[in-house]
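J.: Sharing a structure with you now.
Every number here is computed from the coordinates shown, using simple stated rules; none is lab data. The shown structure was predicted, so the numbers you read here are calculated from the model rather than taken from an experiment. Cβ atoms come from the backbone with ideal geometry, glycine included; neighbour counts cover every protein chain shown.
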Amino acid sequence: MKLNEIEIKTTNLNDIGNFYQNTLELPIERIDKNSIKVIIGQSTLKIIEDTEKSEPIYHLAFNIPKNKLQEAISWSSDKIQLIKKEDEVLIANFETWNANSVYFFDTDGNVLEFIARQDLNNEESNEFNSNQILNISEIGIVQTKPDEYGKELIEKFDLKLFEKNQNSELFTAVGDDHGLLIIVKNNRNWFPTEIPATSNWTNITLTESDKETTIKIRK
């Protein structure tokens, strides 16, 4: 499954735009005075300013080459503050997913993740740079009953459960290593933080089996 475009909201477009353009060194396209597009490899992140809403917190993950996690950590060291545990950068090991991740925040406090998935054929020989942020690979969705909502998406849009995940009433994943909808229960903390998950306005445009679909999440 490919996540083509994710739309999220912000209360400070200038700050978050500067973060993605100048800190993560990703290309930015100005759409109008209230919105931008961030080009993240094969995906697009559209960010819309809405100063009248409370500050939303989203979770997004970005695939990087399977052999570049340590280089990504080094590249990030003078740009962003990776989340640490006991003064060491926290590297999450997802054994059943055969993947490793590091986490950080953007200027809105969104929980972001670089993830290296060992089952993808995406090794890179060049030194790590922003061109190796390959695509948006995960978007968090918050629902009262994640397992039921996952089944609803599967039936409505002909999607598939993520076979590597032990799906449950607290946490369900739909898609594959290329693109995942991470569906969690209200107020479950976004790993590895103490930030409770809450539902936020989101548009998700994805492709599965050559069919493009837009899923609209409304609070």
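J.: What is the extension gain from Ser168 to Lys145, computed as 0.36 nm multiplied by their sequence separation minus the C-alpha to C-alpha distance, in nm to one decimal?
T.: 7.4 nm
J.: Another one. Could you state the number of Å between the C-alpha centres of segment 70-99 and segment 151-219?
T.: 23 Å
J.: Can you spot the lysines whose alpha carbon is less than 25 Å from Lys211's alpha carbon? Ignore those fewer than 8 places along the same chain.
T.: Lys2, Lys37, Lys46, Lys151, Lys156, Lys160, Lys164
J.: Can you give the % of DSSP beta bridges in the chain that are antiparallel, to the nearest 5?
T.: Here the share of antiparallel DSSP bridges comes out near 70 percent.
J.: Okay, next question. Describe numerically, in nm with one decimal, the distance between label points set 7 Å from Cα along Cα→Cβ at Lys211 and at Gln118.
T.: Taking the two extended label points, one gets 3.5 nm.
J.: Something else about it: Take the chain, mark every one of the GluC sites (Glu not before Pro) that falls in a DSSP loop and has at most 14 other Cβ within 10 Å, then report the longest stretch left between them, sites excluded. Mind dumping the intermediate values first?
T.: Numbers: sites that count: Glu25, Glu52, Glu86, Glu95, Glu123, Glu127, Glu163, Glu169, Glu194.
Of all site-free stretches, the longest is 128-162.
J.: Fully extended, how many nm does the chain gain between Ile31 and Leu90 (0.36 nm per residue separation, minus their Cα-Cα distance)?
T.: Using 0.36 nm per residue and subtracting the Cα-Cα distance, I get 17.7 nm.
J.: What aspartates and glutamates does Lys68 reach when the alpha-carbon gap must be under 19 Å and sequence neighbours fewer than 8 apart in one chain are set aside?
T.: Glu25, Asp78, Glu88, Glu95, Glu113, Asp119, Glu123, Glu124, Glu127, Glu138, Asp177
J.: What list of ³J(HN,Hα) values in whole Hz, one per residue of segment 42-52 in order, does the Karplus curve 6.51 cos²θ - 1.76 cosθ + 1.60 (θ = phi - 60°) give from phi, with Gly and Pro shown as x?
T.: Karplus values, whole Hz, x for Gly and Pro: 8, 10, 10, 10, 9, 10, 10, 7, 9, 6, 8.
J.: How many nm separate the modelled label positions at Lys53 and Asn98, each set 7 Å beyond the Cα in the direction of the Cβ?
T.: Roughly 3.7 nm, to one decimal.
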